[in-house]
1. Expressed as cubic angstrom per residue, what is the convex hull volume of the alpha carbon set of the range 1-109?
2. Short version: ³J(HN,Hα) in whole Hz for each residue of the range 12-25, in order, from phi by Karplus 6.51 cos²θ - 1.76 cosθ + 1.60 (θ = phi - 60°), x for Gly and Pro, what are they?
3. Relative to 2.2 N^0.38 Å, what does the C-alpha radius of gyration of the range 140-219 come to as a ratio? Two decimals please.
4. What number, in percent, do you get for the relative contact order of the chain if the mean sequence gap of Cα pairs under 8 Å and at least 6 apart is divided by its residue count?
5. Within the range 159-196, name every residue whose backbone N is under 18 Å away from a label modeled 7 Å from Cα of residue 76 along the Cβ vector.
6. May I have the pair-distance distribution P(r) for the chain, computed from all Cα-Cα distances with 10 Å bins from 0 and rounded to whole percent?
7. Give the whole-number value, in cubic angstrom per residue, of the convex hull volume spanned by the C-alpha atoms of the range 45-125.
8. Ignoring ligands and nucleic acids, what accessible area does residue 135 show with a 1.4 Å probe (Å², nearest 10)?
Amino acid sequence: MMIYFTAAVLPAIILLVIIYKQDKVEKEPVGMIIGLLGFGVLAAFCSMIAESAGQWLLPKFVSTHSQYYKIIFAFLVVAVVEEGFKFLFLKKRTWNDPNFNYRFDGVVYAVAVSLGFAAIENLQYVMGYGLSVATSRALLAIPGHLSFSVFMGTFYGNAKLQAARGNHGRAKFCLFLAYFSAVFFHGFYDSCLMVNTNNSMTLFVTFVIAMYIFVFFLVRHDSKTDRPL
């Protein structure tokens, strides 16, 4: 049991530590980060319930035999629901917290929530399908959730910066982009996998490589250009 738990959770912890170390100016309280991981776990359980409802409801509007069903399901059920609960708990916990005083904090917070989500989701897969899925999920699913959260966190941090400057219209637009960007990349990622054709898998591999490279440089850039709110 301990081996299964470690295989499922350790990749998320490693990635969280990497992002946490990129917060060069002022480290966030460890207790707060642990709490955000907990909110990520809560978001995962809420998503299970909402996705079950979506899985029941969607076939009433789109035939499961339609070639578009999997794409719609990936975007409007999986991505909208999962990123929605992540964003909800992220904003509820951090927006008014006094520790949220630098732009890059938004990335750290979003990553913590997302990796809490990814860890519990990964644990379910490993417990259900065995260690055979641990490697692929460590290389794809968990870094995928990390990548979606980096986009969310970048815009989220900018939203807080704009709000601190009194630009509330821009702040709301950045909040929209925080959610929308995560939904778009998550939906595209999942739809390529769900369609599961040669073309979609080629597109998936290309997309994942490009996304990982972009996220790597985005984190480095945001860390180096961090500024107080």
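The values are calculated or read from the model by the stated rules, or taken from the named source; none is laboratory data. Quick caveat: nothing in here was measured; it's all calculated off a predicted structure. Neighbour counts are summed over all protein chains in view; Cβ atoms, including those assigned to glycine, are modelled from backbone coordinates with ideal geometry. Areas reflect the complete protein model, heavy atoms only, side chains present, ligands, DNA and RNA absent. Shrake-Rupley method; radii C 1.70, N 1.55, O 1.52, S 1.80 Å.
1. 145 Å³
2. Per-residue couplings from phi come out as 5, 5, 4, 5, 5, 4, 4, 5, 4, 5, 6, 7, 6, 7 Hz.
3. 1.26
4. 29 percent
5. 180, 183-192, 194-195
6. 8, 32, 37, 18, 5, 0
7. 110 Å³
8. Ignoring ligands and nucleic acids, residue 135 comes out at about 90 Å².
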